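Here is the structure we will look at.
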């Protein structure tokens, strides 16, 4: 599919120049020669990260520009969705941020919106004509890469909390893995403090565990989960996350190996796989 690639400009079918004006407004200008060479009736994707409001505005400006050039089938492929974690009103006085972002995207009237491993099903419920790109192939590649240097270690998949459990069972079915462990934690919504980590299993003696989740921000959930897994006897605890923010750095206590994608950004110091392969 032809692409206006806002993540990797050198891989874009349509060449363009992007800039930010002194007042902070993003701007894009298409190369008309490369745009004219494309069949305007064929599907065209805008491939982007939506990490922040400027990324969101740039995607909308790109759609507007393509509309003026009379492209008929414009899709939005999103590697990371802004506000996906704010999928409800958490506390009184706070916004329903995902609903706001979804309303903005819906006004752009993309033919299709594909989102890589969104935080919850609320994203696709709110965004018109949207579809989930699962993490299944990414996790399979991460496990395959790990097995190249750690032969004979059968993986145990770990859900870090109840919210991830439904997704991890679908993943386990896809991968043909029967060994799945559910973990739990408590979070104070006012302070963000995490407490009372539990692993709903009796004995993990000698096992190689892979915690699988969508986002790693500060890493507190995974450090606490890894600690209780080791208390149950786990020999190794690894982490596979679709979106690596790592706001406190890519080293997490009690985690041996980390796999992520560059859906949010390119991360040094961990195994970072290219998101484009999975979109």
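We did not get these values from a lab; they are worked out from the coordinates using the rules stated. Since we're looking at a predicted model, the values are computed, not measured. For neighbour counting, all protein chains shown are included, and Cβ atoms are generated from backbone atoms with ideal geometry for every residue, glycine included.
Of note:
- Shape class of the stretch 207-279 from the Cα gyration tensor (axes a ≥ b ≥ c, square roots of the eigenvalues): prolate, since a/c reaches 1.5 or more and a/b is larger than b/c.
- Over the chain, relative contact order from alpha-carbon pairs under 8 Å, at least 6 apart, %: 12 percent
- Per-residue Cβ neighbour counts within 10 Å put 254, 79, 247 in the sequence 247, 254, 79, beginning with the fewest.
- Euclidean distance of C-alpha centroids, the stretch 150-216 and the stretch 232-279, integer Å: 15 Å
- For the stretch 136-278, alpha-carbon Rg and Dmax in angstrom: 14.2, 44
- Among 166, 236, 198, residue whose mean-square fluctuation peaks in a GNM of the chain (springs only between Cα atoms under 10 Å): 166
- Just checking the listed ones, 235, 36, 164: in the Gaussian network model of the chain with Cα springs under 10 Å, the one fluctuating most is 36.
- Mean separation of Cα pairs under 8 Å and 6 or more residues apart, divided by the residue count, gives the stretch 169-279 a relative contact order of 19 percent.
- When only Cα pairs below 8 angstrom with a gap of at least 6 residues are kept, the stretch 1-154 shows a relative contact order of 16 percent.
- Equivalent-ellipsoid semi-axes for the stretch 106-163 (Cα gyration tensor, √(5λ), whole Å, largest first): 33, 14, 6.
- Taking other C-beta atoms within 10 Å as the exposure proxy, 58, 86 rank 86, 58 from fewest upward.
- Förster radius 35 Å - calculated FRET efficiency between residue 128 and residue 91, Cβ distance, rounded to 0.05: 0.80
- On Cα atoms only, tilt of 220-231 relative to the major axis of the chain in degrees: 30 degrees
- Principal-axis tilt of helix 97-108 within the chain, Cα atoms, nearest 10 degrees: 30 degrees
- Full extension of the segment from residue 37 to residue 203, taken as 0.36 nm per residue of separation minus the current Cα-Cα distance, would add 53.6 nm.
- Proxy reagent accessibility, fewest Cβ within 10 Å first, across 139, 251: 251, 139
- Translational D in µm²/s for the stretch 1-95 (Stokes-Einstein at 37 °C, 0.692 mPa s, Kirkwood Rh from C-alpha pairs): 228 µm²/s
- Highest-fluctuation residue, 17, 99, 232 considered, GNM on the chain with Cα pairs under 10 Å: 17
- Solution diffusion estimate, µm²/s, Stokes-Einstein, the chain, Kirkwood Rh from C-alpha pairs, 20 °C, viscosity 1.002 mPa s: 106 µm²/s
- Degrees separating the helix 136-149 axis from the principal Cα axis of the chain, which is the longest one: 50 degrees
- Zone of residue 179's modelled label, taken as backbone nitrogen in the stretch 135-172 under 13 Å from a point 7 Å along Cα→Cβ: 151-158
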